[in-house]
Amino acid sequence: MKKFGIMVIAMAMLLTGIAIADPGNIEATNQISFIGENGAEITSMGNLFTCETTPAFCNTIEAGSSFTMEVVNSRTETNSRFVTESINNPLTLNHNIRIDKLTDTPSSGKVTAFMNGIIQEGTGTATDSFKSVEFKERTSISGRISLFDKVMGWESGINRV
């Protein structure tokens, strides 16, 4: 038996380089609609990693999502601002995933979304870590999914907008 599916994919990625852009230096949008037949399924994975390093700080943040589904209607949006014109502009990382029905059919399969981070602070110009905070967040669901909507964001800076 052959496994096949019908798929519609729309992807857009904008890399603004080192020019200052709002809301970020990288923006990626991925939209997938898929209907599998005879056991066919689709797997999609995506994540973004950002690292901020100054003499007094070292922040490492990663966010992303993945799914394996027989029927899916999905949209992911990811953006990151990792280059700024001054210390007054915060660095950011955002990842959003939304999976909902495809017409009247619930999506079917498994989806996971996550964000992990390590924030380290020093004192003055010392290179040793004075304080360290680590976090991990993961949400998963499987089965027939009418709506999965996960919005994750991180912001670091002296001034927050």
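The values are calculated or read from the model by the stated rules, or taken from the named source; none is laboratory data. This is a predicted model, so every value here is computed, not measured. Methodologically, a virtual Cβ is constructed for each residue, glycine included, from the backbone with ideal geometry; neighbour enumeration extends over all protein chains shown.
Key figures
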| item | result |
| --- | --- |
| The lone exception for F114 - which of (1) modelled with pLDDT of 90 or more; (2) surrounded by fewer than 17 Cβ atoms within 10 Å (Cβ to Cβ); (3) closer than 30 Å to I32 by Cα it fails | (2) |
| Criterion: of a type in the set (V, I, T), at pLDDT below 95 and within 15 Å of A63 (Cβ to Cβ) - qualifying residue of I119, I87, I97 | I119 |
| Of all residues in the range 56-74 being closer than 17 Å to I141 by Cβ and hydrophobic (A, V, I, L, M, F, W, C), the one that is surrounded by the fewest Cβ atoms within 10 Å (Cβ to Cβ) | V71 |
| Condition met for S80 (in contact with a strand residue (DSSP E or B) (Cβ under 9 Å, 6 or more places away or on another chain), under 16 Å from G153 (Cα atoms) and either crowded, with 16+ Cβ neighbours inside 10 Å or at pLDDT below 95 (or both)) | yes |
